[in-house]
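Below is one structure; the comments refer to it alone.
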Amino acid sequence: MITTTEISPSPALAPFVRCYTFREFDTHGNNLIKPWNALHETSVVCFFKAKPVQLCNPETGQIIKSGHNAGVMGLSTGYNGEMTFNGCYSMFEILFKSNGFHKLFRIPNHEIINRIIDAEDIFDPPMLTFFEQLSLAKGLNEMCAIANQYLLVYLSKQKLYHPNDQITLISNLILKNYGIVNMDKLAYDANMSLRTFERHFTDQVGISPKLFSCITRFNHAFDLKLRNPGKDWTAISHESGYFDQMHLIKDFKRFTGNTPTSFLKQTPLTEETFNSRVEL
């Protein structure tokens, strides 16, 4: 069983960070396989005990061994392979909003899409100090305070930033509506032509607003299944805004490389208990 706790960041960081997450689990000597499917969030993950054993690239068959204490996982646009875990895990994760990583660190999102990168290769040397402080923290609240302090330093370096610019507002609207949106209406709300809106959105988020909406809707459907294992896919497709179950299956194949039924047979859902959650 995975035990998860989510906590909100400081108000100043709320436009950029969705939440901080702390997870603990023990595989008891068995391999725990976690598919790396399409995902609409960029994150920074710190491992304090065991680390992921490996990541298998499905296109090349290459086994990418892991040994990093902290990594940046970019937004994912499709199935990128399987991560294998084996051991006792304690993980702290910073989950960024759609364009929050780009706005805080000025790193283009398109450069890290579908990639997992050693955090020390991206951030300044203070990343090592940040990791050490987190590992010595006495509880999750102290971890969050350390993370707030670390990220606020980067925020202070941004002389000109607009936490509520149009792209931020629109991307948040997509998330709140679980990807069930109309592109023309979004462009109108952003006071831009459709082409200009798509260009600015892609520049900040890394992918088009249409693809971002599709991935968001897919993840909402997947989350519904995680929260309600007994609910059938027909009900989930309707609740997630799909035309029908075949529409959901098409997106599932696109973003996991498999049908919902086959996917769950190959990778059964792992029971996860949330002590607290930060809703969109």
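Each value in this text was obtained by applying a stated rule to the coordinates, not by laboratory testing. Just so we're clear, the structure is a prediction, and the values are computed from it rather than from any experiment. FYI the Cβ positions are ideal-geometry reconstructions off the backbone, even for glycines, and counts take in every protein chain you see.
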Problem set entry | For E82, distant residues with modelled amide H under 5 Å away | W36, C56
Exercise. Which distance in nm do the two modelled labels at K210 and I2 give, with both placed 7 Å along the Cα-to-Cβ direction?
Worked result: 3.2 nm
Exercise. If r is the Cβ-Cβ distance from E24 to S193 and R0 is 41 Å, what FRET efficiency results, to the nearest 0.05?
Worked result: 0.25
Problem set entry | Ranked by how many other beta carbons lie within 10 Å on average, peptides 107-115, 68-76 from highest | 68-76, 107-115
Exercise. How large is ³J(HN,Hα), in whole Hz, for each residue of segment 174-180 in order, when computed from phi with the Karplus curve 6.51 cos²θ - 1.76 cosθ + 1.60 and θ = phi - 60°, using x for Gly and Pro?
Worked result: 4, 5, 5, 9, 6, x, 8
Problem set entry | 12 Å Cα-Cα reach of K176 towards aspartates and glutamates, excluding residues that sit fewer than 8 places from it in its own chain | E279
Exercise. Relative contact order for segment 2-156 using alpha-carbon pairs under 8 Å, separation at least 6, rounded to a whole percent?
Worked result: 28 percent
Problem set entry | Residue-by-residue Karplus 3J(HN,Hα) for segment 207-219, coefficients 6.51, -1.76, 1.60, Hz, glycine and proline x | 9, 5, x, 5, 5, 4, 5, 5, 5, 4, 5, 4, 5
Exercise. Once you list every other residue whose beta carbon is under 14 Å from the beta carbon of M143, what net charge do they have if Lys and Arg are +1 and Asp and Glu are -1?
Worked result: -3
Exercise. Does anything in segment 227-244 have its amide N under 19 Å from the 7 Å Cα→Cβ label point of K185, and if so which residues?
Worked result: 238-244
For this session: With a cut-off of at most 13 other beta carbons within 10 Å, and DSSP calling the residue loop, which trypsin sites (Lys or Arg not before Pro) in segment 159-250 qualify? Please list them.
Result: K159, K231
Exercise. So, in Å, what gap is there between the alpha-carbon centers of segment 213-280 and segment 68-146?
Worked result: 24 Å
Problem set entry | Using a Förster distance of 35 Å, the FRET efficiency for E239-Q54 (Cβ separation, nearest 0.05) | 0.50
Problem set entry | Under 27 Å between alpha carbons - lysine pairs in segment 2-156 that sit 8 or more apart or on different chains | 11
Exercise. What net charge is computed for the residues neighbouring L13, neighbours being all others with C-beta under 12 Å from the C-beta of L13, Lys and Arg scored +1, Asp and Glu -1?
Worked result: +3
